[in-house]
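A quick write-up on the structure given underneath.
None of the figures in this text is laboratory data; all of them are computed from the coordinates on show. Not measured: the values here are computed from a predicted model. We place every Cβ from the backbone using ideal geometry, glycine too, and count neighbours over all the protein chains shown.
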Amino acid sequence: MRKLLKKIKRWSSRTRILAVSNDDAEVWLSSLGLLDNLNENKISCLVCGSPINIDNWQLVSRVKGQIVMCCDDALCIARFAEVVREKNK
Ligand SMILES: [Zn+2]
């Protein structure tokens, strides 16, 4: 657990898009303060604006210090990195 938290700290200080295993995902999202927001449908896909929940989120990144997420739509996944890059300009 301590090891995982260390990893999380390292992850959350990065700005790249991350890949997390299912087992670690809830702990990681919770550490970012995202789990409650996901459960309450407070987060939208950066690309299409659809509500994101614990079942349909796919990618996480940052735009100007703010955490952003992508839904599981194949088109959104394909465009996400580009949109993040554009918005960070
Ligand atoms: Zn989407």
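Some observations on this one:
- D55 paired with S30, simple spin-label distance in nm, labels 7 Å along Cα-to-beta-carbon: 2.1 nm
- Radius 14 Å from Cβ of L38, net charge of other residues (Lys, Arg +1; Asp, Glu -1): -4
- For the stretch 37-47, the Karplus equation 6.51 cos²θ - 1.76 cosθ + 1.60, evaluated at θ = phi - 60°, returns couplings of 4, 5, 5, 9, 6, 8, 10, 10, 4, 5, 8 Hz by residue, with Gly and Pro reported as x.
- Set of the stretch 28-55 residues, backbone N closer than 20 Å to the point 7 Å along the Cα-Cβ line of N88: 29, 32-34, 44-49
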